[in-house]
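Report on one structure; see the data block that follows.
The values are calculated or read from the model by the stated rules, or taken from the named source; none is laboratory data. Note that this is a predicted model, so its numbers are computed, not measured. Cβ placement follows ideal geometry from the backbone for every residue including glycine, while neighbour counts extend to all protein chains displayed.
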Amino acid sequence: MRLGRGRAMEPPASRLPMSLSVGARLLQQAGWTGPVRAYEVDDARNWPTNGEDGLHLAGWADRVGLLVMGNGPTRADADGSRRPDPRAEEVDAGIAAALASGDVDGFFPNLDAALARELGVSGRSPWQLLDGADWDLTTHRLLYAETVDGVSCFVATWS
């Protein structure tokens, strides 16, 4: 299992970061029994690095499947005290359009890191990585885009 850049390890599932634990659980529930490598990216990284890493990940084997996880804007704190940020709607629309189109307009590479941080978007770097890996994919479908418990959630397939 690969975590981050340059650290190879096989930690017990209970010791994985939350996002990787959820991803492993989703693969298990889907019945996946093939090899798995985990790659965690920090949201402070920039587009060229994320895009290059995506291209590198896509080249790990002849066929590679990526389960990319991250969320869109967080609309409220757990106690509901946070007021909705009007910029969140525009970012939600951009994420949904990019996932539906294969990001033909370059939304993910241009999503500002500071804005994403302010809005609680954890998917910026993972989606940039996905964008970099998408060099020959032709089908892009947005399957789900809703706000659940104050967090923007998206499900898409790229193949």
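Being of a type in the set (G, A, S) and in a helix (DSSP H, G or I) narrows it down to one of S125, S152, so name that one.
Numbers: S152 fails: in a helix (DSSP H, G or I).
It is S125.
Conditions (1) modelled with pLDDT of 95 or more; (2) of a type in the set (S, T, N, Q), marked per residue:
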position: L111; (1), (2): yes, no
position: R117; (1), (2): no, no
position: R124; (1), (2): yes, no
position: T139; (1), (2): no, yes
position: W158; (1), (2): no, no
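Filtering the range 28-53 to residues that are surrounded by fewer than 16 Cβ atoms within 10 Å (Cβ to Cβ), touching a residue at least 12 places away in the same chain (Cβ under 8 Å) and part of a helix (DSSP H, G or I) leaves only E52. Can you confirm whether the range 73-95 contains a residue that is under 15 Å from the mean Cα position of the chain (by Cα) and either surrounded by fewer than 16 Cβ atoms within 10 Å (Cβ to Cβ) or in a loop (DSSP other than H, G, I, E, B) (or both)? Yes, the range 73-95 has at least one match. If you go through the range 41-58 and keep only what is of a type in the set (D, E, K, R) and touching a helix residue (DSSP H, G or I) at 6+ places or on another chain (Cβ under 6 Å), you end up with D43, R45, D53. In the range 98-105, is there at least one residue being at positive phi and either of a type in the set (A, V, I, L, M, F, W, C) or under 15 Å from the mean Cα position of the chain (by Cα) (or both)? Yes, that holds for at least one residue.
Which residues, taken from the range 92-112, are farther than 24 Å from G59 by Cβ, of a type in the set (A, V, I, L, M) and touching a Phe, Trp or Tyr at 6+ places or on another chain (Cβ under 9 Å)? The answer is I95, A96, A97, L111. Just give me the residues in the range 133-149 being assigned to a strand (DSSP E or B) and farther than 30 Å from R63 by Cα, in sequence order. Within the range 133-149, E146, T147, V148 qualify. Flag set for D134, criterion: acidic (D, E) and in contact with a helix residue (DSSP H, G or I) (Cβ under 8 Å, 6 or more places away or on another chain).
S125 fails exactly one of the following numbered conditions: (1) closer than 20 Å to W158 by Cα; (2) out of contact with any Gly (no Cβ under 8 Å at 6 or more places or on another chain). What is the number of that condition? With (1) closer than 20 Å to W158 by Cα; (2) out of contact with any Gly (no Cβ under 8 Å at 6 or more places or on another chain) applied to S125, the lone miss is (2). Among residues of the range 128-154 that are exposed (fewer than 10 other Cβ atoms within 10 Å of the Cβ), those with a Cβ under 7 angstrom from a residue that is of a type in the set (G, A, S), sequence gap 6+ or separate chain, pair up as T139/S159.
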